[in-house]
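Only one structure is covered here, and it is reproduced in the block below.
The values are calculated or read from the model by the stated rules, or taken from the named source; none is laboratory data. Source: prediction; values computed, not measured. Every residue, glycine among them, receives a Cβ derived from its backbone with ideal geometry; neighbour counts consider all protein chains shown.
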Amino acid sequence: NAGVTQTPKFQVLKTGQSMTLQCAQDMNHEYMSWYRQDPGMGLRLIHYSVGAGITDQGEVPNGYNVSRSTTEDFPLRLLSAAPSQTSVYFCASSPSLAGGPGEQYFGPGTRLTVT
Amino acid sequence: EDKVVQSPLSLVVHEGDTVTLNCSYEVTNFRSLLWYKQEKKAPTFLFMLTSSGIEKKSGRLSSILDKKELFSILNITATQTGDSAVYLCAVGYGGSQGNLIFGKGTKLSVKP
């Protein structure tokens, strides 16, 4: 199993450009999520999905869109990049557990710089 | 507002020392508390705790949860330079979904 994969690893955008960060997992996990990590801020939840066709907002959703057409893929779209979106982005997946949130498997991250 | 607070924010110790990292939380509908280790890349899972007073142990690392006082500690004994990392505490909340609230992390530096 490849686990959780993310592409690209690095990206530089100009203000106003749009792009899509790709995330895929091969563990048949129902739950997938996107976090951003900024210095001194920890990881913050952007959007999440509990299954194909179902998405919802996390703590910091503004400026980002997601969709979940398959169990495997969960792309994150930046609509009009802003310098405030410079960050490291992590995708994660987790099997659904009746007992509540469990271990999440993280991808290697995408370092995005917006100039 | 839900929050997870870790202390200290940074810590420098020498090899062989024992360290205790703290995590307190105020989260509605608490379900679980998780510890992760992050070394310049993706966080890697250490422990998940759901019940008070039951210690989880893996080698030199151990952790325990107190749901009455709303905190958890992560202990590392006989520290090694390879333990240098940021340790993240996260609290799972809500239903069967996987939403987590993360603390800001504790940066541990272990000197030879």
Of the candidates A:L13, A:L76, the one satisfying the condition of being more than 9 Å from chain B (Cβ to nearest Cβ), in contact (Cβ under 8 Å) with a residue 60 or more places away in the chain, farther than 17 Å from B:T44 by Cα and of a type outside the set (G, A, S) is A:L13
By my count, strands (runs of 3 or more DSSP E) wholly in the stretch B:55-101 with at least 2 residues that are crowded, with 20+ Cβ neighbours inside 10 Å and of a type in the set (A, V, I, L, M, F, W, C) are B:71-76, B:85-93
Among residues of the stretch A:79-107 being modelled with pLDDT of 95 or more, in contact with a strand residue (DSSP E or B) (Cβ under 7 Å, 6 or more places away or on another chain) and outside any strand (DSSP E or B), the residue nearest to the other protein chains (Cβ to nearest Cβ) is A:G107
Practice problem: Considering every residue within the stretch A:14-22, establish whether at least one is of a type in the set (G, A, S), over 22 Å from A:L79 (Cα atoms) and in contact with a Lys or Arg (Cβ under 8 Å, 6 or more places away or on another chain). | Solution: no
Filtering the stretch A:10-59 down to residues that are among the β-branched types (V, I, T) and assigned to a strand (DSSP E or B) yields A:V12, A:T20, A:I46, A:V50, A:I54, A:T55
By residue number, the members of the stretch B:37-54 that are more than 10 Å from chain A (Cβ to nearest Cβ), more than 21 Å from B:D2 (Cβ to Cβ) and at pLDDT 90 or above are B:K37, B:E39
Cβ pairs under 7 Å, 6+ apart or interchain, first in the stretch B:25-36 and more than 9 Å from every other protein chain (Cβ to nearest Cβ) and farther than 17 Å from B:Y87 by Cα, second of a type in the set (A, V, I, L, M, F, W, C) and outside any strand (DSSP E or B), ordered by first then second residue, are B:E26/B:L70
